Amino acid sequence: MSNDVQGQQVLFEGMDRFCGPLHQSDIGMMLRCRRALLYRYKLGLRPKSDLRAGAAGLGQMFHKIVQYGPGGIEFAKKWVQDQQKILWELVEKGEDVDGSIAGAVKAMTDHYNKAMAIAQLYWERYPDPEYLETLATEVHVEGDVEICGNKVTVAGTIDKVVRDKRDGRLWVRDWKTSSRDMNYIMTGYQWSIQCRMYRLLAWLWAKQNEIENPEPLGFIVDGVRMPTIKYCKKDVDFAAYIERCKQWYKDNLIDAFTSRAIRYQEPMLSDIFMSSLVDAAYTQKDTALELWQYPKDMTASYCTNYDRQCTYYGLCEVDQCQWPDIIERQFKVVEPTDNVNTETGEVNE
């Protein structure tokens, strides 16, 4: 046994190895940087200073508000307040060393106001057509898929499953929120891992609930371009802020929303998707954790993913013998979930 392998065994001794079901973010990270996959999803390492895990982001806020719908605004507001209460308890316990938790609490209020305003505009612009029936909203799905004799367990949360009453076929509906141009955000989405996984999960959900014609026919993507202005003292009331948002879109020649319905163009379990699923499943079950199976991204593109240095870059640039000290000082172990916003890189629980 080489010294490297012996060193790795000592390094990983006593550390948790997570082997849960596959999420789209696991596969996406595996395809881009297996070393990052090792850190986040196999070892469950999360920075101690990474408070995004406790503070809902703007996209998550919008999803939650749309989930509750126009009649559930008070429920959405209570959900935000409950999240803030949890964070504020950390402040009172003295765990807010650098003031970032208090900042996160305030940011959640700003996010909620902005998400609520845009949700109001969204409901006004895109009321659900009568021929679309909502079957499930923000539904968590977990199930097994048989691929070439291999059982692969997948899981994830689908924004919405709808049925077209005219032909009885199912569609997956997904929201995308960003401050970027929607054409940029949606580029390549139809063949992305996320889109493929949502299709598979919707099919599993329909099978589990004995829905007729369980395989979705296509997907509907609602892109939401978020404004950069906040609700503030210059607004007489919230209605004034909504009007100011409308004017912001006009002044910047920006369309707030883009909605597209696209039929799937290839089999649900295409060869390339099946290959990725099986590869990820083997990786997910691996408990040996030999580093050669988790190489760094040689293109270095993931090192600066989402225009910032990777969270784990400090581990990658030092010798492995320094890992235990760095991990103890800078990281905590959190059981992985499908918690990466693939659009922004933000982590959402």
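The values are calculated or read from the model by the stated rules, or taken from the named source; none is laboratory data. Since the model is a prediction, treat every value here as computed from it, not as a measurement. Positions of Cβ are backbone-derived with ideal geometry, glycine not excepted, and every protein chain shown enters the neighbour counts.
Quick check on region 261-296: of everything there that is at pLDDT below 85 and outside any helix (DSSP H, G or I), which residue is nearest to the chain's Cα centre (by Cα)? Taking the candidates together, the pick is Asp286.
Restricting region 300-325 to residues that are assigned to a loop (DSSP other than H, G, I, E, B) and over 24 Å from the mean Cα position of the chain (by Cα) leaves a set whose member that is nearest to Ser178 (Cα to Cα) is Glu317.
Given Thr342, Thr304, Thr299, which one is at pLDDT below 90 and of a type in the set (Val, Ile, Thr)?
Residue meeting the stated conditions: Thr342.
For region 228-237, the count of residues that are under 16 Å from the mean Cα position of the chain (by Cα), of a type in the set (S, T, N, Q) and either more than 30 Å from Ala281 (Cβ to Cβ) or in a strand (DSSP E or B) (or both) is zero.
Taken over region 186-199, residues that are under 14 Å from the mean Cα position of the chain (by Cα) and hydrophobic (A, V, I, L, M, F, W, C) amount to 3.
Just give me the residues in region 89-109 being part of a helix (DSSP H, G or I) and among the charged types (D, E, K, R), in sequence order. Within region 89-109, Glu89, Glu92, Lys106 qualify. Would you check which residues across region 156-182 are within 18 Å of Tyr198 (Cα to Cα) and not in a strand (DSSP E or B) and list them? Listed by number, the list holds a single entry, Arg169.
Here is a yes/no grid of residues against (1) more than 13 Å from Met268 (Cα to Cα); (2) small (Gly, Ala, Ser); (3) in contact with a Gly (Cβ under 8 Å, 6 or more places away or on another chain):
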| position | (1), (2), (3) |
| --- | --- |
| Lys151 | yes, no, no |
| Arg163 | yes, no, no |
| Asp174 | yes, no, no |
| Arg180 | yes, no, no |
| Trp191 | no, no, no |
| Met197 | no, no, yes |
| Ala206 | yes, yes, no |
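Of the residues in region 180-203, not one is among the β-branched types (Val, Ile, Thr), touching a residue at least 24 places away in the same chain (Cβ under 8 Å), in contact with a helix residue (DSSP H, G or I) (Cβ under 8 Å, 6 or more places away or on another chain) and closer than 30 Å to Lys106 by Cβ.
Scanning region 138-183 for residues being buried (at least 21 other Cβ atoms within 10 Å of the Cβ) and polar (S, T, N, Q) gives a total of 1.
Just one of the listed residues (Asp16, Asp26) is at pLDDT 80 or above and of a type in the set (Asp, Glu), and it is Asp26. Determine whether Thr177 is in contact with a strand residue (DSSP E or B) (Cβ under 8 Å, 6 or more places away or on another chain) and modelled with pLDDT of 85 or more. No; evaluated as a whole, the condition is false for this residue.
Only one of Cys310, Cys316, Cys321 is modelled with pLDDT under 90 and farther than 18 Å from Gly20 by Cα; which?
The conditions single out Cys321.
Of the residues making up region 65-88, at least one is at pLDDT below 85, under 22 Å from the mean Cα position of the chain (by Cα) and either among the acidic types (Asp, Glu) or in a loop (DSSP other than H, G, I, E, B) (or both).
Here is a yes/no grid of residues against (1) surrounded by 16 or more Cβ atoms within 10 Å (Cβ to Cβ); (2) out of contact with any strand residue (DSSP E or B) (no Cβ under 8 Å at 6 or more places or on another chain); (3) basic (Lys, Arg):
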position: Gln247; (1), (2), (3): no, yes, no
position: Ile254; (1), (2), (3): no, no, no
position: Met268; (1), (2), (3): no, yes, no
position: Asp279; (1), (2), (3): no, yes, no
position: Thr283; (1), (2), (3): yes, yes, no
position: Thr311; (1), (2), (3): yes, no, no
position: Asp319; (1), (2), (3): no, yes, no
position: Asp325; (1), (2), (3): no, yes, no
position: Glu328; (1), (2), (3): no, yes, no
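Among the conditions (1) part of a helix (DSSP H, G or I); (2) basic (Lys, Arg); (3) surrounded by fewer than 21 Cβ atoms within 10 Å (Cβ to Cβ), the only one that Arg196 does not satisfy is (3).
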